[in-house]
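The values are calculated or read from the model by the stated rules, or taken from the named source; none is laboratory data. Quick caveat: nothing in here was measured; it's all calculated off a predicted structure. Backbone-built Cβ (ideal geometry, glycine too); neighbour counts: all protein chains shown. The accessibility values were calculated without ligands, DNA or RNA, using every heavy atom of the protein model including side chains. Shrake-Rupley method; radii C 1.70, N 1.55, O 1.52, S 1.80 Å.
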Amino acid sequence: MNTQLPPASSRSAFLEKGYWIIAPLDYMDTHARKLGDIFSNYILGAEKPWIFVSDPQAIQQIFTNEVFEAPGSLNKLLAPLTGDYSIFMLEGDRHKRERKLLMPSFHGERMRDYGELITDITHKIMNKLPLKETFIARDTLQAISLDVILKVVFGVYEGKRYSQLKPLLAGMLEIGKSPLTSSFLFFPILQQNLGFWSPWGYFLKQRQKIDELLYAEIRERRENPDESRKDILNLMIAARDEEGNPMTDQELRDELLTLLFAGHETTATAMSWALYWIHRQPEVYQTLMQELTSLPSDANGMDIFRLPYLTAVCQETLRIYPVGMLTFARTNKESVDLMGYQLPPKTLVVGCIYLTHRREDLYPQADQFKPERFLEHKFSPYEFLPFGGGSRLCLGMALAQYEMKLVLATILLNYELNLLEKQPVKAVRRGVTLAPKGGIKMELLNQRPQPQKTIDLARTV
């Protein structure tokens, strides 16, 4: 048995980190080609190496073997965005408690309540697009996703607080728009408050304004409970743990921001990639439109959710360029064998989602967009893992999938779009995620004359 750590690049930790921040896909592809399915690196911390793994059996071991745990302290990179009481930061019993409190809000059945709202938001924003003028798909879908978060999750509708929160949240999300603007997440030394005009000072000021609005909303909800409200914030306020205790205001605030950063950026990016691939490959567009237009008149939102080809298109979108490149980190409580390497206790290990999704033995012609692969084969949760896995599986997975499918169905059934990108669009870093470079240029050719079918579909659930 090999008692050494997996192989690593000969570059310095500083150069490795810069390479990872600036060109993450090239970094992963190059390292996998040279070093294999498991390798060491120092990109996320210079004190000890992180082990990248892209072998499904090894990922299964990491997710299921009790030797491995997922400490929240390893996710401190995200603390400036989500807060210290975010589910990302919790571990052990506190993490289990929080998941139990939050889980009912994201149950599949609960998603049915949000169908009409999602389709109405989609129509409202799509109807603002001028005909035959270039628009950026990611910006438009981000506007849809932000409105979904504000109304479905935060429960904040038109009004003073809505008009104040919307631009503040949108501005805060822009912090990750490029490797340069998101660099303070990777280099804590840059987190220096040099006044309002400094990047960190501006970020803190914006975050303070958001906090004031969110705490005011939470306070009003507690003082004026309304059981008829279906938004996720209301459900979280009403939740009680096994001892009858509610979530604190700080916990509610941190979970709201966690859902914003984890659910808004990621879903908008995935939907923009989906529109790109659907319109780039005519055969995909034709097959999908045939499936959507064949829906019966009495179909409902869950019927859209269950459509096999639409599901395959969404899965392939999340496979070829997963929004999240890595799983949350794990560490081993004791020495353990992983792929023939005897890892000493407290070794840091991550599953590499991108490299796993690009394995030729799992996904032949992995660089090609082929939705049919998901109709022909069922992949395990260790082979296809766009939402992570194990104890850190994304809580908002059901909402993200439902929103993605319903928004895409609404757009395709009611609006005729044209892709303006002449060359293949590349994936680039956006904060801690992958996004299409340039956001994908498209134009609205026409609004289809048929009835707004997907609104009716949502209203029948």
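Listing for the model above:
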| item | result |
| --- | --- |
| Computed helical MRE - 222 nm, the chain, DSSP H runs ≥ 4 contributing -39500 (n - 2.57), nearest 500 | -14500 deg cm²/dmol |
| Solvent-accessible heavy-atom area per residue, rounded to whole Å², over the chain at 1.4 Å | 44 |
| Length gained when the stretch residue 29-residue 170 is fully extended (0.36 nm per residue, less Cα-Cα span) | 47.5 nm |
| Residue list for segment 301-330, given a label point 7 angstrom along the Cα-to-Cβ vector of residue 437 and an amide N cut-off under 16 Å | 321 |
| Entries of 166/437; 205/405; 76/426 with Cα pairs more than 32 Å apart | 205/405 |
| Per-pair calculated FRET efficiency, R0 = 45 Å: residue 360 and residue 227 via Cβ, rounded to 0.05 | 0.30 |
| Unit charges at the beta carbon, dipole of segment 335-413: most positive-side option, 350, 338, 369 | 350 |
| Virtual spin-label span in nm between residue 294 and residue 205, 7 Å along Cα→Cβ | 5.7 |
| Carbon + sulfur, % of accessible area of the chain - ligands and nucleic acids excluded, 1.4 Å | 53 |
| Simple Cβ-charge dipole of segment 285-440, Lys/Arg +1 and Asp/Glu -1, about Cα centre, in debye nearest 20 | 680 |
| Cβ-Cβ FRET estimate between residue 376 and residue 447, R0 fixed at 41 Å, reported to 0.05 | 0.70 |
| Burial order of peptide ranges 216-226, 319-329, 352-362 (average beta-carbon count within 10 Å, highest first) | 319-329, 352-362, 216-226 |
| Cα gyration tensor shape for segment 198-348, rounded if a/c is under 1.5, else prolate or oblate | oblate |
| Qualifying aspartates and glutamates (Cα of each under 15 Å from Cα of residue 128; at least 8 residues distant if same chain) | 120, 139, 147, 416, 443 |
| Relative contact order (percent, whole number), the chain, Cα cutoff 8 Å, 6+ residue spacing | 26 |
| Pairwise centroid distance, computed over Cα atoms, of segment 249-305 with segment 1-41, Å | 33 |
| Efficiency of FRET from Cβ geometry, residue 22 and residue 110, R₀ 56 Å, rounded to 0.05 | 0.90 |
| Nearby lysines by direct alpha-carbon distance to residue 34 (threshold 20 angstrom, same-chain neighbours under 8 apart not counted) | 17 |
| Loop trypsin sites (Lys or Arg not before Pro), segment 1-100 (other Cβ atoms within 10 Å of the site Cβ: 15 or fewer; DSSP) | 11 |
| Lys/Arg +1, Asp/Glu -1 at C-beta; segment 275-406 dipole; positive extreme among 384, 278, 302 | 384 |
| Net dipole in debye of the chain [+1 Lys, Arg Cβ; -1 Asp, Glu Cβ; about Cα centre; nearest 20] | 980 |
| Inter-site label distance for residue 212 and residue 163 at 7 Å from Cα along Cβ, in nm | 1.7 |
| Estimated D of the chain in µm² per second, where Rh is the Kirkwood radius over Cα pairs and Stokes-Einstein applies at 4 °C, 1.567 mPa s | 56 |
